[in-house]
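Take a look at the structure set out below.
The values are calculated or read from the model by the stated rules, or taken from the named source; none is laboratory data. Since the structure is predicted, the reported quantities are computational estimates derived from the model, not experimental observations. As a convention, Cβ positions derive from the backbone with ideal geometry for all residues, glycine included, and neighbour counts pool all protein chains shown. All accessible areas refer to the heavy atoms of the entire protein, side chains included, with ligands and DNA or RNA removed. Shrake-Rupley method; radii C 1.70, N 1.55, O 1.52, S 1.80 Å.
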Amino acid sequence: MTALTTATDNATEAAATAPATGITACARITARADGRGSTALPVLDGDGPLALRRVRSTGPGVKVTVIGAMSAPLGGDRLAVEAVAEPGARLHVASAAATIALPGHGGAPAGYDVRLTVGEDAELRWLPEQLISAHGSHLRMTTRAELAATARLILREEQVLGRAGEPPGRLTSRLTVYRAGRPLLDQELSYGPGAPRGWDGPAVLGGGRAVGQLLVVDPAFAARMPEARVLGERAVLTPLAGPAVLVTAVAADARELRQLLDSVTIFVGW
């Protein structure tokens, strides 16, 4: 028993001291109402491959662009972005270019976590460029949003399955949204090798290479909710059980997908 315990302890110690694979980085943004009708950025901290830049914007809000300082995420990377819009603040977050999930050494999956917090009477627009799942990559992405009862959120996700002329990697994406402490949306999507059967069949992608969604949460919808409607052949607008709507779209490529999602703003008033 003593020999077995010693061997187990040695293995645990070796695992704890083994060099980590990939990069671990977390970028942080905090927007705060300045009391003069505008918004300040008391926290703007990039990390590792996630560089942050404040860019020119119009109106009372602030705009931040996420810039990839190096190729990421690679297999084994653990990346995160935390964005907080404090009560009364207006924050718009975009990215300078598409994010490409790439394979790394050893076959370990990469992780990318987005955590959004929006306070009372605050507004957050989370509008990054596309996520491209390159052949041989394996990425697990999670997005979690915590909203106050009077918070407003517009969130866009666009995923492109493979670069031109190549099959996709493995991509799992989960989106969870809570409003006033109660669940508003919880869904998970999975594509590529190893995903549940049927992900590329007619009931899911139907030959499409790009998939995306646009979530709009606005307390004003409590008085007048946009109606459910079909938007073309492969997009639909669905009211949620709360002051929110979700648009889901499948397209042949990234360009067509963006056009579909951009056209939705006329129906939701943003």
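Heavy atoms only, probe 1.4 Å: what % of the accessible area of the chain goes to carbon and sulfur, would you let me know? C and S fraction of accessible area: 54 percent. Entry for the stretch 97-179 at q = 0.13, 0.17 Å⁻¹: log10 I(q)/I(0) = -0.48, -0.71, Debye formula applied to identical alpha-carbon scatterers, no solvent contribution. One decimal place: the segment Glu129-Ser190 gains 20.0 nm when fully extended, by the rule 0.36 nm per residue minus the C-alpha distance. Can you give the longest stretch of the chain with no exposed loop site, where a site means trypsin sites (Lys or Arg not before Pro) in a DSSP loop (not H, G, I, E or B) with at most 10 other C-beta atoms within 10 Å? Maximal segment without exposed cleavage sites: 57-196. Accessible surface for Ile100 stands near 60 Å², nearest 10, in the context of the full protein assembly shown (1.4 Å probe). Close amide H pairs (under 5 Å, H built 1.01 Å from N) link Ile100 with Ala72, Ile132, residues at least 5 positions away or on another chain.
For a modelled paramagnetic label at Arg36, 7 Å from Cα along Cα-to-Cβ, the residues of the stretch 44-73 in reach, with backbone nitrogen under 20 Å, are 44, 54-64. Test of the criteria: in the stretch 188-270, which GluC sites (Glu not before Pro) are in a DSSP loop and have at most 11 other Cβ atoms within 10 angstrom of their Cβ? Here the GluC sites (Glu not before Pro) that fit, given the DSSP loop and packing criteria, are Glu227, Glu233.
For the stretch 71-123, averaging the sequence separation of C-alpha pairs within contact (under 8 Å, six or more residues apart) and dividing by the residue count gives a relative contact order of 60 percent.
Computed from the C-beta positions of Arg174 and Arg53, the FRET efficiency with R₀ = 30 Å rounds to 0.60. The listed residues Asp121, Asp218 rank as Asp121, Asp218 when sorted by accessible area, largest first, using a 1.4 Å probe. Based on C-alpha pairs under 8 angstrom that are at least 6 apart in sequence, the chain has a relative contact order of 12 percent. Using a probe of 1.4 Å, the accessible surface attributed to Trp199 totals some 50 Å² when neighbouring protein chains are kept in position.
Taking N as the residue count of the stretch 149-268, its C-alpha radius of gyration divided by 2.2 N^0.38 Å amounts to 1.11.
Remark: relative contact order (the stretch 140-270) = 24 percent; criterion is Cα-Cα distance under 8 angstrom and separation of 6 or more residues.
With a simple spin-label model that places each label point 7 Å from the Cα along the Cα-to-Cβ direction, the separation between Ile67 and Arg182 comes to 4.3 nm. Per residue, the accessible area of the stretch 99-173 comes to 37 Å², computed with a 1.4 Å probe over protein heavy atoms only.
Each principal axis of the chain carries a Cα extent, and these read 69, 49, 37 Å when sorted largest first.
Highest GNM mean-square fluctuation among Ala27, Ala252, Ala164, for the chain modelled with Cα contacts below 10 Å: Ala164.
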